[in-house]
Amino acid sequence: MVGHGNRWGGRIGLVLIAGLLALAGCSSVQEDGYDPGPGRAPVDAPGPERTRTNLRFANTLFVCSGMTVSNGPRVELSGKVADFTAITTIEGVKLAINPAPGACLSSGYGTRDGRLHKGLDYWAALGTPILAAGNGTVVEMTYRADYGNMIVIDHGRGIYTRYAHLSAFGDGVEPGEPVRAGDVIGQMGNTSDRAIPVHLHYEILSGDYRTPKGSFGLTPVDPFGLGS
Ligand SMILES: [Zn+2]
């Protein structure tokens, strides 16, 4: 179980980063770049302390240079994704399209090698922070042979997000606990029983979770097919 072995090293890394931020005196007022909407002031969620960052969900996204993005969105000559917005809305739930700020898009949603690729792939350096795409509750935090270390967040209204191949889980992130948009929930990695490149596999899912299949009974959604 390589994934679990990596998990603790990553946690130590996050603790070090949090400590450095505290020493720098910049831990008091931090933004996650997410507008919670009218009447929903950004307050500290109850539960364990999680790593906050000043990372923002970026309003620009580039496809990875040198990588062929199948089923990708429309891209400008510069490699910039056209008409990209940081936040999309599904069933009234606001979600980030790229939960790994700074990462580039390495694969799109749709048919790939004759199978449905149920999410988006993002590439950045090993250990890049992965943020909760929206407010919600962690419902799965586990290792699977195919998805490696993965987290599923329930955002309410039948909307879920999944984050796979993480090298580590974020501090204070536990099943059943709330997370807020922008919380660090893990780090980018390549955990899986197969040899795969470092990347984040990110899914937006909808449907009824209370079936025997759980999150794997949900319907994947094309994040670029949603409104903004
Ligand atoms: Zn993928």
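Structure summary
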{"quantity": "Residues (in contact with a helix residue (DSSP H, G or I) (Cβ under 7 Å, 6 or more places away or on another chain) and more than 14 Å from the ligand (Cβ to nearest atom)) located in the range 84-124", "calculated": "Thr88, Ile97"}
{"quantity": "Residue match in the range 101-114 (condition: of a type in the set (D, E, K, R) and within 13 Å of His201 (Cβ to Cβ))", "calculated": "yes"}
{"quantity": "Tally, over the range 165-194, of residues that are more than 16 Å from the ligand (Cβ to nearest atom), over 11 Å from the mean Cα position of the chain (by Cα) and either surrounded by 24 or more Cβ atoms within 10 Å (Cβ to Cβ) or not basic (Lys, Arg) (or both)", "calculated": "12"}
{"quantity": "In the range 107-150, the residues that are part of a strand (DSSP E or B), at pLDDT below 95 and touching a strand residue (DSSP E or B) at 6+ places or on another chain (Cβ under 8 Å)", "calculated": "Ser107, Gly110, Thr111, Leu116, His117"}
{"quantity": "Flag for Pro197 being over 22 Å from Phe57 (Cβ atoms) and either part of a strand (DSSP E or B) or away from the ligand (no atom under 13 Å from the Cβ) (or both)", "calculated": "no"}
{"quantity": "Filter result (more than 20 Å from Ile196 (Cα to Cα), buried (at least 16 other Cβ atoms within 10 Å of the Cβ) and among the small types (Gly, Ala, Ser)) within the range 134-162", "calculated": "Gly134, Gly136, Gly158"}
{"quantity": "Pairs, first of a type in the set (Val, Ile, Thr) in the range 121-137, second modelled with pLDDT under 95, C-beta under 6 Å, six or more apart", "calculated": "none"}
{"quantity": "Residue match in the range 130-149 (condition: within 11 Å of the ligand (Cβ to nearest atom), farther than 22 Å from Asn59 by Cβ and within 12 Å of the chain's Cα centre (by Cα))", "calculated": "no"}
{"quantity": "Residues being within 15 Å of Ile90 (Cα to Cα) and part of a loop (DSSP other than H, G, I, E, B) - total across the range 209-228", "calculated": "5"}
{"quantity": "Contacts under 9 angstrom Cβ, first residue in the range 161-177 being under 11 Å from Gln187 (Cβ atoms) and of a type in the set (Phe, Trp, Tyr), partner away from the ligand (no atom under 13 Å from the Cβ) and modelled with pLDDT under 95, 6 or more apart", "calculated": "Phe169/Arg7; Phe169/Gly10; Phe169/Arg11"}
{"quantity": "Residues that are among the small types (Gly, Ala, Ser) and either surrounded by 16 or more Cβ atoms within 10 Å (Cβ to Cβ) or at pLDDT below 95 (or both), drawn from the range 215-228", "calculated": "Ser215, Gly225, Gly227, Ser228"}
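The values are calculated or read from the model by the stated rules, or taken from the named source; none is laboratory data. Source: prediction; values computed, not measured. Here the Cβ is made from the backbone with ideal geometry for all residues, glycine too, and neighbour counts use every protein chain on show.
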